[in-house]
Every structure is written in C-alpha cells, then in structure tokens.
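Below: one structure, written as structure tokens.
The values are calculated or read from the model by the stated rules, or taken from the named source; none is laboratory data. This is a predicted model, so every value here is computed, not measured. Glycine gets a Cβ as well: all are built from the backbone with ideal geometry, and neighbour counts include every protein chain shown. Note: accessible area is taken over every heavy atom of the protein model, side chains too, but ligands, DNA and RNA are not part of it. Shrake-Rupley method; radii C 1.70, N 1.55, O 1.52, S 1.80 Å.
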Amino acid sequence: MNGFFKTKDNRSFWVVGTYVHLRNGALEILDCANTKEAMGRAIGERNADELEETFFEKKMIGATARSPEEWRAHGQGQWLLQEPVIRITKIADSAPEPLKPAARPLSG
C-alpha cells in the first residue's frame, strides 16, 4: 500500500503502508477499503496539506511531495538549511581511528 496518490488540490501525497499497522492506520484515516484504488479515491477527495497534518496527528507516515522551492519555504526545510550536511557528535573518549583504504567512501 505504498505509493504516491493525486490529491484534490492536484498535488502528490506519499503513503507508507509497508507494515500492517501502517496500512491499517492509513485506511482508518482515509476511511476506505483495503485496495490501492480505494485509497487513491479517498486521497483524491482531500487536499495534501490536510492529509499531511492528519497523518502527523495520528502518528502515521504520509507526506506531500514538494518541489525544491516548496521544501525550502517549508518550516522543516528552513530548519534543515541551517544544519550541516553531516554532524559529528563525540560520544566518548577513545584513540583516533584513521580511515582505512577503500574503493568507495564509507565502504568497509
């Protein structure tokens, strides 16, 4: 039951239903039968922002697909722009461990 579905406001909404509890939670929110077609119809009757907020409130996984510009304007996107791409947090003292030779970054 994973996939993108068109919303009433002609946006795309991603639903994660990989596990039974996620699928059942999405079906409960959407009040529809357990088929992709029924899910698509139910999502097509609602706006993307409303769906995203409802999924969040119910602790289910669903998200509106956004363009890069929309993401940068979104509160979470703005927050992430202030964060480094990679953050290293020291959690204990130890001797330094040099990187080992590798064919690709992070391999091995």
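List of remarks:
- Residue in region 32-46 that is open to solvent by less than 100 Å² (accessible area, probe 1.4 Å), modelled with pLDDT under 95, touching a strand residue (DSSP E or B) at 6+ places or on another chain (Cβ under 8 Å) and closer than 21 Å to residue 2 by Cβ present: yes
- When the residues of region 48-65 are filtered to those that are touching a strand residue (DSSP E or B) at 6+ places or on another chain (Cβ under 9 Å) and not in a helix (DSSP H, G or I), the one that is most open to solvent (accessible area, probe 1.4 Å) is 61.
- Residue ID - nearest to residue 51 (Cα to Cα), chosen from residues in region 1-15 that are modelled with pLDDT of 95 or more and part of a loop (DSSP other than H, G, I, E, B): 7
- Cβ-Cβ under 8 Å pairs, at least 6 apart or on other chains, region 54-72 side within 20 Å of residue 83 (Cβ to Cβ) and at pLDDT 95 or above, far side surrounded by 12 or more Cβ atoms within 10 Å (Cβ to Cβ) and not small (Gly, Ala, Ser): 63/13; 63/14; 63/52; 63/55; 66/74
- Per-region count, region 4-31, residues touching a Lys or Arg at 6+ places or on another chain (Cβ under 7 Å) and open to solvent by less than 70 Å² (accessible area, probe 1.4 Å): 5
- Considering the conditions (1) surrounded by 14 or more Cβ atoms within 10 Å (Cβ to Cβ); (2) assigned to a loop (DSSP other than H, G, I, E, B); (3) hydroxyl-bearing (Ser, Thr, Tyr), residue 89 is excluded by exactly one of them, (1).
- Subset of region 66-86 that is in a loop (DSSP other than H, G, I, E, B) and open to solvent by 90 Å² or more (accessible area, probe 1.4 Å) - its residue that is farthest from residue 9 (Cα to Cα): 86
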